[in-house]
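Just below is one structure, and these are the notes that go with it.
Read-outs throughout are calculated quantities, based only on the coordinates presented, and are distinct from any laboratory measurement. All values derive from a computational prediction rather than experimental measurement. Counting neighbours? That spans all protein chains shown, and the Cβs are built from the backbone with ideal geometry, glycine included.
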């Protein structure tokens with residue numbers, strides 16, 4: 001076997017791997033979009049360094065754009081096979097691809113694909129449930145619950161024509177910050193010969209923070225000042241987690257019932273409806289909420305659909321909370337809101353997710369008080385607060401705990417992390433788990449197993 005790393009090799013976006021069996025037949029695992037500063041985004045438009053006509057099958061771990069966002073480029077490059085994923089991932093990936101094609105046109109960006117090509121790609125989707133093995137090329141693949149977002153999976157892949165000592169390989173996809181507040185916890189697996197593991201938070205531990213208390217404090221602060229709280233959110237999972245958290249804060253009387261909670265993300269609204277289609281995949285806490293009437297029943301919730309409505313929010317002089325994408329503040333409606341609101345001291349920004357290197361979110365998180373938005377210098381006078389308690393990625397301890405359960409690992413490959421994260425995780429794995437054959441691949445590198 002061999003693996004070619006065509007994304008997420010030294011970065012946390014652009015996930016894409018080609019796995020080739022002993023027999024020479026190849027499959028694709030993920031084909032995500034590179035997101036972040038211009039030097040990262042430009043990688044989306046470089047020629048894809050593999051002949052897609054030679055791929056037997058493609059497998060998608062989950063619906064985040066950095067894992068699925070380039071799938072439509074397969075078809076013009078000669079790909080003829082299916083694209084395998086879980087049923088929730090199928091629904092949310094359709095949403096993600098169509099939204100991505102639409103936004104590229106609206107924002108006048110260079111277009112990777114149009115909606116017609118997105119629909120043709122969606123026609124190739126094939127769903128499979130967790131724990132049901134299926135053939136892909138010369139491999140047998142089984143999906144397990146990664147606990148990252150609804151429908152996310154890690155992959156157990158066995159080479160059925162293998163002649164070497166490395167026969168079974170596990171691709172982690174993105175592992176959840178277990179236990180998650182909505183979905184079930186990340187599953188464990190008992191053995192594998194090789195592991196390709198994400199390392200987003202490989203150099204740190206999530207702080208002991210109470211996300212609910214921090215959210216309450218942020219909302220209480222704007223309720224007192226009459227300001228606006230901005231929360232940049234990912235449409236998939238983070239938005240739903242925040243809505244659920246705010247629902248309980250209002251029910252418990254910790255924030256005002258009349259405080260408007262404004263969801264300024266049509267994609268997030270549609271994603272929330274998809275979540276409601278899969279109640280069986282939620283954890284026991286959510287099951288109890290469903291018995292009592294729902295998981296997103298937020299009093300004072302307003303859904304914004306049109307851009308004109310979004311612009312009109314600035315004329316509402318009242319305490320309010322605005323949830324808008326994108327989650328890393330690399331585009332979307334949150335950018336305009338930031339330019340509008342953060343110049344005033346009474347307004348606040350609450351960062352609740354990972355912020356990629358070079359993004360506006362990373363600049364604000366690191367304390368910059370002057371930023372450039374749409375070519376204009378913005379003086380930041382509002383408060384900026386960050387929590388990592390709501391991260392949907394496993395931290396260093398959780399990554400080690402998941403890996404520790406896998407016996408027989410002869411080779412570990414760390415991806416989906418900046419180099420400082422990968423290096424720190426590698427050192428700790430060697431020290432505590434005794435795994436010495438650890439690789440940190442670079443973009444377009446191919447590793448022989």
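Legend: ranking of residues 280, 302, 198 from fewest to most surrounding C-beta atoms inside 10 Å; resulting order 280, 302, 198. Based on Cα contacts under 8 Å between residues 6+ apart, region 33-82 shows a relative contact order of 43 percent. In a Gaussian network model over the chain where Cα atoms closer than 10 Å are linked, find which of 246, 122, 378 has the largest mean-square fluctuation. The residue with the greatest mean-square fluctuation here is 378. Any chance you could give the angle, 0 to 90 degrees and rounded to 10, that helix 419-433 forms with the longest Cα principal axis of the chain? Long axis of 419-433 versus the principal axis of the chain: about 60 degrees.
Efficiency by 1/(1 + (r/R0)^6): what FRET value for residue 251 and residue 42, r their Cβ-Cβ distance, R0 = 56 Å, to the nearest 0.05?
Working: r = 47 Å, r/R0 = 0.83.
Computed FRET efficiency for residue 251 and residue 42: 0.75.
Annotation: average projected area of the chain is 19.8 square nanometres, based on the convex hull of Cα atoms across all directions. Working from Cα pairs under 8 Å separated by at least six residues, relative contact order for the chain is 20 percent. Can you tell which of 380, 409, 105 shows the greatest fluctuation in a Gaussian network model of the chain with Cα springs below 10 Å? Comparing 380, 409, 105 in the GNM, the peak value goes to 105.
Expressed as a rounded percentage, what relative contact order does region 211-386 have, with Cα pairs under 8 Å and six or more residues apart?
Values: 298 pairs, mean separation 53.5, N = 176.
The value is 30 percent.
If R0 is 45 Å, the Cβ-Cβ spacing of residue 224 and residue 306 corresponds to a FRET efficiency of close to 0.90.
Kindly put 335, 170 in sequence by how many other C-beta atoms sit within 10 Å of each C-beta, fewest to most.
Values: 335 19, 170 23.
Result, fewest neighbours first: 335, 170.
Take the Cα of residue 291, go 7 Å toward its beta carbon, and the backbone nitrogen atoms of region 179-199 under 18 Å from that spot belong to 182-184.
Calculated from the alpha-carbon coordinates, region 211-386 shows an Rg and a Dmax of 15.8, 50 Å respectively. Per-residue ellipticity at 222 nm computed for the chain from its helices equals -8500 deg cm²/dmol, with DSSP H segments shorter than 4 residues left out and the rest contributing -39,500 (n - 2.57). Note on the chain: GNM, Cα springs under 10 Å; of 416, 62, 388, the largest mean-square fluctuation is that of 388. Taking other Cβ atoms within 10 Å as a rough exposure proxy, 93, 284, 127 sort from fewest to most as 284, 127, 93. Once the C-beta distance of residue 370 and residue 185 is scaled by a Förster radius of 56 Å, the resulting FRET efficiency is 0.85 to the nearest 0.05.
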